[in-house]
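**Q** Below is one structure. I have some questions about it.
The values are calculated or read from the model by the stated rules, or taken from the named source; none is laboratory data. If you're wondering where the values come from, they're calculated on a predicted model, not measured in any experiment. Glycine gets a Cβ as well: all are built from the backbone with ideal geometry, and neighbour counts include every protein chain shown.
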Amino acid sequence: MSILKHYRLIFSYSGTSYQGWQDQSVLAISIQGKIKQSFACFFGHHNFNIFAASRTDKGTHAFNQYCRLDIEEELDCNHFLKKINSKLDDIVLKSIEACSREFNPLNSKSKEYHYYFSFEDKNPLLLKQVYFTKKINLSIAKKKLEQLLGEHDFSQYTSAKYKNSLRTIYDAKIQESIIFGTQVYILKIRGDGFLKYMVRYIVGYLLHSDESKTPYKVPSHGLYLYDIRY
């Protein structure tokens, strides 16, 4: 019986064309499914396993998605990196390196998400990357954001049920940028973990709490998994 080899991978991807990370069915095109299909084509078999740190939602993007690949073969990482990226289209394998079995992508110290939004007229070049919405008082939104720092019960910022909904936000800020001539704001938020849809509900609270009495979940296409720390 062969001993499994383990590899740490970092992917970047556009989530626009996918139903999210998780490979759920034959009909749904997932990021995990696309990666597994491309890997199987390269290896010539399906005898491997790959799992990720975060199961990003439909339409959500990632700058740095960490994964572990378990496979019997010993890989030439540089060769594999060059060859596999020709098969992945809007997914990029940024790095691959051998790791120990102890590396578990789920056991992170913190995750950082970014959410892109704009108050300007819609830019057709950014419709799948930025959430365009009506203008609000950004100073008030920033004060609301400050109140979320630290440990809190975030059960109102998710549609799922958790036994423990306590989470700690280490850092959160809103910065401004110009992208393709459009003024864009970026919420950057880092915490020890996030509930399902939590970041999208937080953005909804910041941008729409004055007009909506119920929790508001903003669209997924403005959300980016930015980085994970171990």
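**Q** Which members of region 196-216 meet the condition of being assigned to a loop (DSSP other than H, G, I, E, B) and either surrounded by 19 or more Cβ atoms within 10 Å (Cβ to Cβ) or without any contact (Cβ under 8 Å) to a residue 12 or more places away in the chain (or both)?
**A** Our first condition is that a residue be assigned to a loop (DSSP other than H, G, I, E, B); within region 196-216, this holds for 196-197, 209-216.
Within region 196-216, TYR197, GLU211, SER212, LYS213, THR214 meet the criteria.
**Q** Can you confirm whether region 22-40 contains a residue that is β-branched (Val, Ile, Thr) and not in a helix (DSSP H, G or I)? Explain how you work it out, then say what you get.
**A** Of region 22-40, the ones β-branched (Val, Ile, Thr) are 26, 29, 31, 35.
Narrowing the set further to residues that are not in a helix (DSSP H, G or I) leaves 26, 29.
Scanning region 22-40, I find at least one residue that is β-branched (Val, Ile, Thr) and not in a helix (DSSP H, G or I), so the answer is yes.
**Q** Which of the residues belonging to region 78-98 are outside any strand (DSSP E or B) and surrounded by 15 or more Cβ atoms within 10 Å (Cβ to Cβ)?
**A** Kept after step one, since they are outside any strand (DSSP E or B), are these residues of region 78-98: 78-90.
Within region 78-98, PHE80, LEU81, ILE84, LYS87, LEU88 meet the criteria.
**Q** Only one of (1) of a type outside the set (S, T, N, Q); (2) within 16 Å of the chain's Cα centre (by Cα); (3) outside any strand (DSSP E or B) is not met by TYR66, so which one is it?
**A** Every listed condition holds for TYR66 apart from (3).
**Q** Here is a further query. In this structure, is TYR113 of a type in the set (Phe, Trp, Tyr), more than 22 Å from ASP210 (Cβ to Cβ) and surrounded by 14 or more Cβ atoms within 10 Å (Cβ to Cβ)? Quick ask: steps written out before the conclusion?
**A** Details: of a type in the set (Phe, Trp, Tyr): yes; more than 22 Å from ASP210 (Cβ to Cβ): yes; surrounded by 14 or more Cβ atoms within 10 Å (Cβ to Cβ): yes.
So TYR113 passes the test.
**Q** Contact list please: Cβ distance under 8 Å, first residue in region 49-65 and in the same structural domain as GLN24 (by TED's automatic domain parsing), second residue among the acidic types (Asp, Glu) and outside any loop (DSSP other than H, G, I, E, B), pairs at least six apart or on different chains.
**A** Filtered contacts from region 49-65: ASN49/ASP70; ILE50/ASP70; PHE63/ASP227; ASN64/ASP227.
**Q** Right, something else. Residue check: is LEU88 at pLDDT 95 or above and among the hydrophobic types (A, V, I, L, M, F, W, C)?
**A** Here the answer is no, as LEU88 does not meet what is asked.
**Q** Six or more apart or on different chains, Cβ under 6 Å: which pairs go from a residue in region 1-18 that's surrounded by 19 or more Cβ atoms within 10 Å (Cβ to Cβ) to one that's among the charged types (D, E, K, R) and at pLDDT 95 or above? Could you list them?
**A** ILE10/LYS94
**Q** Pick from PHE154, PHE119: which is surrounded by 18 or more Cβ atoms within 10 Å (Cβ to Cβ) and either in contact with a Leu (Cβ under 8 Å, 6 or more places away or on another chain) or farther than 29 Å from PRO105 by Cβ (or both)?
**A** Of the residues listed, the single one that is surrounded by 18 or more Cβ atoms within 10 Å (Cβ to Cβ) and either in contact with a Leu (Cβ under 8 Å, 6 or more places away or on another chain) or farther than 29 Å from PRO105 by Cβ (or both) is PHE154.
**Q** Being touching a helix residue (DSSP H, G or I) at 6+ places or on another chain (Cβ under 7 Å), aromatic (Phe, Trp, Tyr) and outside any strand (DSSP E or B) is the filter here; which residues of region 41-63 pass it?
**A** PHE42
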